[in-house]
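Peer 1: If you scroll down you'll find the structure; I have some questions about it.
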Amino acid sequence: MIKQDLGFISMQYIIIGNFGNHSVAAMQALIEEGLTELHFVYVQTGWEAAVWPERVRACTDYAESQGVRVHQLKAKASFAEMVRDRKQFPSPKFQWCASFLKGLAILEHLDDLDPACEAVIVSGKRRADSRRYANLEEFENEDELYQGRTLWHPLWQTTDAELIELIHKAGFNPLPHQSLECSPCIHTKTEGLASLDSEVVARLEVLEQEIGQTMYAEPIRNLSCLSKIPKAAKGFGLQQFDLGCGAPWGCGE
């Protein structure tokens, strides 16, 4: 399924994700390649859905059973703390959340894990995910955001059916949504807001009242009470992150 430059076989491979569909599939693909020195790096944002830690634990147990080293990082400040400090929410136009929540923590950890910048950074993105990635290449050499490291997209030509197969091989069912590492995300669509659990709604409602602003066009209580909107056919794209600051840091993956 994936092409591998055998010159990389003794290097460290560092998967950036949060155990959503894409990063689980990428991890499984590398496991099946028989690569050693596999690492999985994710960030605890402090804004995850109540059910998400259970997903992380299950995926961590599987990863470690396959010899993958899992690195749980913690954002220097939680999403709520950053919102309070800035007295504003991020927006689709002005997105600052992922860079501060995830980017800083990831880069600092990479300095310790791979000080010579020789590791290969692994992303689960695919050409099929959105128009932005239509010309995605398997490798990006000397990626600027990752301090000159090689960025590898092992799933770049993977179809939805192949993605599902990899997830099943890892022992999981495909999720009908992106990673819930941040819930809700500024990119969460209306139907997603109408499906939030009560704990998440209450948490955001308190934050909105504290800073006197809303995260979306209306208070979250209004949006979460909307009638359930029929879901479109299930897909695995990352379109909502196309222009977002979280795209380089594996948001949704």
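Peer 1: Please identify the pairs in which a residue from the stretch 143-159 that is touching a residue at least 40 places away in the same chain (Cβ under 8 Å) and within 11 Å of Ile121 (Cβ to Cβ) has its Cβ atom under 9 Å from the Cβ atom of a residue that is crowded, with 21+ Cβ neighbours inside 10 Å and among the polar types (S, T, N, Q), counting only partners at least 6 apart or on another chain.
Peer 2: Pairs found: Trp152/Ser123.
Peer 1: Could I ask something else about it? What strands (runs of 3 or more DSSP E), lying completely within the stretch 1-97, carry at least 2 residues that are surrounded by fewer than 21 Cβ atoms within 10 Å (Cβ to Cβ) and either in contact with a strand residue (DSSP E or B) (Cβ under 9 Å, 6 or more places away or on another chain) or at pLDDT 95 or above (or both)?
Peer 2: 38-44, 69-74
Peer 1: Considering (1) over 23 Å from Ala63 (Cβ atoms); (2) open to solvent by 50 Å² or more (accessible area, probe 1.4 Å); (3) at pLDDT below 95, say which one Leu196 fails and leave the rest.
Peer 2: Among (1) over 23 Å from Ala63 (Cβ atoms); (2) open to solvent by 50 Å² or more (accessible area, probe 1.4 Å); (3) at pLDDT below 95, the lone unmet condition for Leu196 is (2).
Peer 1: Could you please give the count of residues in the stretch 162-181 that are open to solvent by less than 30 Å² (accessible area, probe 1.4 Å) and closer than 30 Å to Pro90 by Cα?
Peer 2: The number of residues fulfilling the criteria is 4.
Peer 1: Right, something else. What are the residue pairs meeting all of these: first residue in the stretch 163-183, first residue more than 23 Å from Leu73 (Cβ to Cβ) and of a type in the set (A, V, I, L, M, F, W, C), second residue assigned to a loop (DSSP other than H, G, I, E, B) and at pLDDT below 95, Cβ atoms under 6 Å, and 6 or more apart or on different chains?
Peer 2: Listed pairs, sorted by first residue: Leu163/Phe236.
Peer 1: With the structure loaded, tell me whether Leu145 is of a type in the set (A, V, I, L, M, F, W, C) and either over 19 Å from the mean Cα position of the chain (by Cα) or part of a loop (DSSP other than H, G, I, E, B) (or both) or whether it fails that test.
Peer 2: Criteria met by Leu145.
Peer 1: Among the residues of the stretch 104-139, which ones are part of a helix (DSSP H, G or I), at pLDDT below 95 and open to solvent by less than 40 Å² (accessible area, probe 1.4 Å)?
Peer 2: Residues satisfying the conditions are Asp129, Tyr133.
The values are calculated or read from the model by the stated rules, or taken from the named source; none is laboratory data. What you see is a predicted model; the values in this text were computed from it and never measured. Cβ: placed from backbone, ideal geometry, glycine included. Neighbour counts: every protein chain shown. With ligands, DNA and RNA removed, areas are computed over all heavy atoms of the protein, side chains included. Shrake-Rupley method; radii C 1.70, N 1.55, O 1.52, S 1.80 Å.
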